[in-house]
1. Under 5 Å between amide hydrogens, which residues at least 5 positions from residue 237 or on another chain qualify, with H placed 1.01 Å from N in the peptide plane?
2. Within the accessible area of segment 126-220, what % is carbon and sulfur when the probe is 1.4 Å and the other protein chains stay in place?
3. Hey, got a sec? Which GluC sites (Glu not before Pro) in segment 122-180 land in a DSSP loop and have at most 16 other Cβ atoms within 10 Å?
4. Loop only by DSSP, 15 or fewer other Cβ within 10 Å of the Cβ. Give me the GluC sites (Glu not before Pro) in segment 184-238 that pass, ordered by residue number.
5. If you add up the charges near residue 215, with Lys and Arg at +1 and Asp and Glu at -1, over every other residue whose beta carbon is less than 14 angstrom from its beta carbon, what do you get?
6. Can you give the Rg and Dmax of segment 118-232 based on its C-alpha atoms, in angstrom?
7. Please give the direction-averaged projected area of the C-alpha convex hull for the chain, in square nanometres with one decimal.
8. Report, by chain and number, residues whose modeled amide H sits under 5 Å from the one on residue 210, excluding near sequence neighbours (fewer than 5 apart, same chain).
Amino acid sequence: MRRVVVTGGAGFIGSALVRALLARGDRVVVIDNLMTGREDNLAEVADRIEWERDDIRDYEALVKAFRGAEVVFHLAAIPSVPRSIEEPALTHDVNVNGTFNVFRACLATGVRRVVYAASSSAYGDTEVLPKVETMLPRPLSPYAAQKLMGEYYARVFYLCYGLEAVSLRYFNVYGPRQDPTSPYSGVISIFLRALLERRSPTIYGDGEQSRDFTYVEDVVALTLKAADAPNVGGKVYNAGNGQRYTLNYVWGLLQRLEGVELPAQYAPARPGDVRHSQADITAAVRDLGHSPQFTLEEGLRRTLEWQRAQLRRG
Ligand code: UD2
């Protein structure tokens, strides 16, 4: 049985990854300080995991937890562009220093591979779509710069120390367990909650900005593949669906799915916001065997049903 570690394993994406790892028979250690993760996300599997309530800013704790692990999936972070603008020092400490600690601890304990959850925000407003890994990154927010720094460290740890660190640039991941109650949450979770409560959502800007919304199970499947693919040390891959949809389109589709009419309210665009985002997934398909399965409509239906069930439970 192989021992793997998931930092941020109580988070929305991390907990989905933990369930997938357990399903294939791995022994899973979860590291999460519950700053943005939730214990509830792991309730179903709590008795099958090893749980360390550690903070990735604590290097010694990481070294202890990583001993004997073959792979580390590093998903712990404080996400959110607006939060990083409001709290640059805290988010830097976690996203940059914490990530540095994770790589350092991998090296100290002989971990074979680390898969790092990078972000599509690294691209910023590059003019060409879809966005290809060879483009020069142009971060627009502290969050984007912080996640990009993690990629650079992943590369450097591979080049200088031989740690097989691979970065996956996650593109606007959505799905069940994404927390709809925080102002920093992903837009789809916020839209779905508004829809079910029959409220109009707020769209920042004109709503014509677009995103490559990627269903969580597709990202999890790719993350698993990245742990085993050969010759990917130091490399960066887009982890997206390959499509893009505007916020106006998504809100329109959701209203149709529920058969309601709730015109959105518009507010000024957020600082640091990227205009358009869409992944070129050629490299991930070629090197990692990426094969997204979920259309936006299917992913939205599943997430909507999960949120509906959550609301019923109260
Ligand atoms: C960025 C990254 C994404 C991931 C995420 C983590 C890009 C393109 N994507 O997502 O890959 O790393 O950060 O946080 O950089 N919005 C509304 N109303 C709301 C909430 C959001 O209109 O109530 C807008 C927001 O201004 C933006 C879009 O929805 O234009 C998506 O926002 P988000 O916070 O869901 O994700 P984003 O794109 O910042």
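1. 167, 168, 169
2. 53
3. Here the sparse-neighbourhood loop sites are 127.
4. Numbers: sites: 197, 208, 217; in loops: 197, 208.
Filter output for segment 184-238: 197, 208.
5. Local charge sum for residue 215: -2.
6. Computed over the Cα atoms of segment 118-232, radius of gyration and Dmax are 16.6, 54 Å.
7. Values: hull surface 59.5 nm².
For the chain, averaging the hull's shadow over all directions gives 14.9 nm².
8. 276, 277
The values are calculated or read from the model by the stated rules, or taken from the named source; none is laboratory data. Remember, it's a predicted structure, so these values are computed and weren't measured experimentally. Here the Cβ is made from the backbone with ideal geometry for all residues, glycine too, and neighbour counts use every protein chain on show. The accessibility values were calculated without ligands, DNA or RNA, using every heavy atom of the protein model including side chains. Shrake-Rupley method; radii C 1.70, N 1.55, O 1.52, S 1.80 Å.
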